[in-house]
1. What accessible area, in Å² to the nearest ten, does a 1.4 Å probe give for L88?
2. Using a simple spin-label model with points 7 Å from Cα along the Cα→Cβ vector, what separation in nm is obtained for W25 and I157?
3. At a probe radius of 1.4 Å, what is the per-residue accessible area of Y48, in Å² to the nearest 10?
4. Put D125, D152 in order of accessible area, largest first, 1.4 Å probe: what do you get?
5. Using a 7 Å offset from the Cα along the Cα-to-Cβ direction at both E52 and T102, what is the distance between the two label points in nm, to one decimal?
6. Ignoring ligands and nucleic acids, what accessible area does K106 show with a 1.4 Å probe (Å², nearest 10)?
7. At 1.4 Å probe size, put S153, S143 in order of accessible surface, largest to smallest.
8. Roughly how many percent of the accessible protein surface of the range 30-152 is carbon and sulfur, given a 1.4 Å probe and a whole-percent answer?
Amino acid sequence: MPKAADTSSSESSKRLLPGQLIWLWLTGVVIALDQITKHMVVARFDLYERLEVMPFFNLTLAYNPGAAFSFLADAGGWQRWFFTAIALGASVLILIWLARLTAAEKLQGVALALILGGALGNFYDRLVLGHVVDFLDFYWGNSHFPAFNIADSAITIGAGLILLDMFLGARKKHD
């Protein structure tokens, strides 16, 4: 057998997953943490019950049938399937994007894995429960930020990392 064939064969065996799909373990961690924390809160809290953790942070139980910031929460039920379909479509696109990344695009891989984990965590809630479970309540005085969860946090961090990656990429082009 020629050496070139051996080299390409060994390279393909080292690369088990295309692109940055290797980061799917992070997606799994996000989904697991999201679902475990949601189940713990649902088991221990009544709806809207609050536990003050710090002077600016409560644990609480809230259900969100809408999207971010309760967008379309009172839309009559169709939004459940609408947001479920969006999450499913976005997840497929993210998987394709991840698979097409190069080995050098690690920050994008991490970012997309976080977003995917968050999208799938909330997708599960909508599909099974009909609403998303939120429980992290930050506030200042009487002004409360809308309650959110681990999945929402992962999506936000992932989006921030994509912006950071874009910024760093633009800086490299100018240097």
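The values are calculated or read from the model by the stated rules, or taken from the named source; none is laboratory data. Source: prediction; values computed, not measured. Virtual Cβ from ideal backbone geometry, glycine too; neighbours counted across all protein chains shown. Note: areas computed on protein heavy atoms with side chains; ligands, DNA, RNA excluded. Shrake-Rupley method; radii C 1.70, N 1.55, O 1.52, S 1.80 Å.
1. That residue has around 90 Å² of solvent-accessible surface.
2. 1.6
3. 150
4. D152, D125
5. 5.4
6. In the full protein context, K106 sits at about 110 Å².
7. The most accessible residue leads, giving S143, S153.
8. Details: 4750 of 6770 Å².
Exposed carbon and sulfur together represent 70 percent of the surface.
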